[in-house]
Amino acid sequence: MSNPQQLPIYLKLYQLIKYLYARKKNFPKEYKYTLGEEIISLSWKCIDLFLEANALTNKEKNLKINELSNVFDKLKLRLRMSQEIGLVSEKQFVHIQEQFIRETGTMIGGWQKWSNNRK
C-alpha cells in the first residue's frame, strides 16, 4: 500500500474539498446548511472511501471502489445543481470540472476497471 497522501486521487479530492469550503461560505444561508453541507459531506465521504479502499487487499477493493464511484456521482450531481441554481458561477463550475471532477472521475473509473478485472 502506498502512502495515500502521495496518490493523485487523494490529492485531487483533498484540493477539491479545500476549494469547496471556500465556495460554500458564499452560499446564501438557505443553501449553506443544506446543499452546501451535503456537498462538503459527500466530498469527505469520497476521500474516506478512497482511504478505506486503499487500505484493503487487492481482492477486497472492488466494493469500496464501486461505492466511491457512486458517491462521487452524487457529488457531481449536487455540484451541477449548485451551478444551475446560481450558487456557483459558470466560471467556478468550469474550474471545478476541469481541475477536479474530470481527472478524478477518470482515475476512479480506471481504478474501478482495474478492480473489476481482478474479481
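Return the lysines within reach of Lys59: Cα separation strictly under 17 angstrom, same-chain partners fewer than 8 residues apart disregarded; answer none if there are no such residues. Reachable lysines: Lys113, Lys119. Assuming charge only on the beta carbon of Lys and Arg (+1) and of Asp and Glu (-1), the dipole of the stretch 27-119 about its Cα centre is about 340 debye to the nearest 20. Rounded to the nearest Hz, the phi-derived 3J(HN,Hα) couplings of the stretch 83-98 under the Karplus curve 6.51 cos²θ - 1.76 cosθ + 1.60 (θ = phi - 60°) are 6, 5, 9, x, 7, 10, 5, 4, 5, 5, 5, 4, 4, 4, 4, 6, where x marks glycine and proline. Computing Rg/Rh (Cα atoms, Kirkwood Rh) for the structure here picks out one of (1) 1.35; (2) 1.06; (3) 1.00, namely (3).
Largest first, what is the accessible-area ranking of Lys61, Lys12, Lys91, Lys45 with a 1.4 Å probe? Walk me through the numbers on the way to the answer.
Values: Lys61 15, Lys12 35, Lys91 170, Lys45 85 Å².
The most accessible residue leads, giving Lys91, Lys45, Lys12, Lys61.
Electrostatic bookkeeping for Leu11 treats Lys and Arg as +1 and Asp and Glu as -1; over the other residues with beta carbon under 13 Å from its beta carbon, the sum is +1.
Would you mind getting the accessible area per residue of the stretch 1-98, heavy atoms of the protein chains only, 1.4 Å probe, in Å²?
Details: 5760 Å² over 98 residues.
That works out to 59 Å² for each residue.
Which of Gly86, Gly36, Gly109 ends up with the largest GNM mean-square fluctuation for the chain, with Cα atoms connected below 10 Å? With Cα springs under 10 Å in the chain, the top fluctuation among Gly86, Gly36, Gly109 is at Gly86. Relative to the longest principal axis of the Cα atoms of the chain, helix 102-118 runs at roughly 30 degrees.
How high is the relative contact order of the stretch 3-82? Use alpha-carbon pairs under 8 Å, at least six apart in sequence, and give a whole percent.
Details: 51 pairs, mean separation 23.9, N = 80.
Result for the stretch 3-82 is 30 percent.
3J(HN,Hα) along the stretch 71-76: 5, 5, 4, 4, 4, 4 Hz, from the Karplus curve 6.51 cos²θ - 1.76 cosθ + 1.60 with θ = phi - 60°, whole Hz, x for Gly and Pro.
Converting phi to 3J(HN,Hα) with the Karplus coefficients 6.51, -1.76 and 1.60 and the offset θ = phi - 60°, the stretch 49-58 yields 5, 4, 4, 5, 5, 5, 7, 7, 6, 4 Hz in sequence order, with x at every glycine or proline. Extension gain for the segment Leu7 to Asn26, taken as residue separation times 0.36 nm less the Cα-Cα distance, is 3.8 nm to one decimal. For the chain, what % of the accessible area comes from carbon and sulfur atoms, probe 1.4 Å? Looking at the chain in its full context, I get 50 percent from C and S. Are there any GluC sites (Glu not before Pro) in the stretch 58-119 that are in a DSSP loop and have at most 15 other Cβ atoms within 10 Å? List them by number. Hits after loop and neighbour filter: Glu60.
Using R0 = 22 Å, the C-beta based FRET efficiency linking Asn116 and His95 works out to 0.10.
Cα centroid separation, the stretch 5-28 to the stretch 73-92: 14 Å.
The values are calculated or read from the model by the stated rules, or taken from the named source; none is laboratory data. On a predicted model such as this, the values are computed, not experimentally measured, just so you know. Reconstructed Cβ throughout: ideal geometry from the backbone, glycine too, with neighbour counts over all protein chains shown. Just so you know, the surface numbers come from the protein's heavy atoms only, side chains and all, with ligands and any DNA or RNA stripped out. Shrake-Rupley method; radii C 1.70, N 1.55, O 1.52, S 1.80 Å.
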